[in-house]
Amino acid sequence: MRPLGLEGTASASPQPEDAELVARTLAGDAAAFELLVRRHYGGAYAVALAVLGVRADAEDACHDGFVQAAAHLGECRHPGRFGAWLRTIVRNQARNAMAKQSVRRAEPLEEWTAAGDADAHRTVERAELARRLETALAVLAPTQREVLLLHDLEDWPHEEIARSLGISVVMSRQHLFQARRRLRTALSGVRLEDTHDT
Amino acid sequence: MTRDRVDLSPLDPRGDPPRFDRLVRAIVQDAHVDAQRRSTATAILVELARWTRPALAAAAVVAIAAAGTLMYPRPQPAPRDAGLDEAGIPVAIAEWARTGGHPSALELVAAFRAVAPGDTAGR
């Protein structure tokens, strides 16, 4: 599930640059905006999930963040760095949602009803795994969660994570190491004595 | 580092492509609706702004007309003399007294008849 292209990295794919997609979106090209959404959903989702810890809430924050970004796209001063700008919006959206304590705990119904009978077992199994991961992620500090999600879910290199979070590469590696250790402990059902960020 | 990777794929919404497509479509759709709503609001503001100048001009015309009317005082009715009224003096006679008029005899008779027509009818 690697994103189509990482911001700030050279890409050999013929995919249009973010700046071009932003310009096309501003000109009313919905397809260009859809490409931006697909390209940057993963990073935005990782950021939102790191803040909120619940998939459904992270998806809501992403949804609202993208809609807000579209509404203020003309204010994006560096269209080439659309991803970073978007993640700032999504992070604020997630923090606001957290502050309002509008955290939704229930699994959306569509997730259970959308799949056909043949896939039902797999869907339930996947949902159960996701719930266990959500619970385990809750023991991590937000920064650890963000580093872990960006690295292990989005395949971001440490250099990119460090730039995005404003930390050093060494610190990013350290956060990842601690996050994995604590996540495994949590997943194995062992009670963690220390849940402070390191 | 790669071998230590935690499998977080169950958390990834893109793991269920049809559902992810629905998420993306919902975002694009809502962004489009939001843009249309903002466009409509802007159009209304533009239309209002377009009417501002004619509305101000009309208001200025009304204001000038009102000012012209207010500048010329309407003729006020002559104040009535309360003392003459209480004494039973007819209004016409009081007016002659105030302005120094010289009524004819017939006018004087008519003025007094107007005050007390019954008195003269019986005589």
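The values are calculated or read from the model by the stated rules, or taken from the named source; none is laboratory data. Keep in mind it's a predicted model, so treat the numbers as computed, not measured. As a convention, Cβ positions derive from the backbone with ideal geometry for all residues, glycine included, and neighbour counts pool all protein chains shown.
Within the set of pairs 6+ apart or on separate chains, which have a first residue in the stretch B:89-100 that is under 11 Å from residue B:111 (Cβ atoms) and of a type outside the set (A, V, I, L, M), a second that is in a loop (DSSP other than H, G, I, E, B) and at pLDDT 80 or above, and C-beta atoms under 8 Å apart?
B:96/B:102; B:96/B:103
Considering only the stretch A:62-82, state which residues are crowded, with 22+ Cβ neighbours inside 10 Å, away from chain B (no Cβ under 12 Å) and not aromatic (Phe, Trp, Tyr).
none
Answer yes or no: is there a residue in the stretch A:126-141 that is at pLDDT 90 or above, farther than 21 Å from residue A:189 by Cα, out of contact with any Gly (no Cβ under 9 Å at 6 or more places or on another chain) and more than 10 Å from chain B (Cβ to nearest Cβ).
So far as the stretch A:126-141 goes, no, none of its residues is at pLDDT 90 or above, farther than 21 Å from residue A:189 by Cα, out of contact with any Gly (no Cβ under 9 Å at 6 or more places or on another chain) and more than 10 Å from chain B (Cβ to nearest Cβ).
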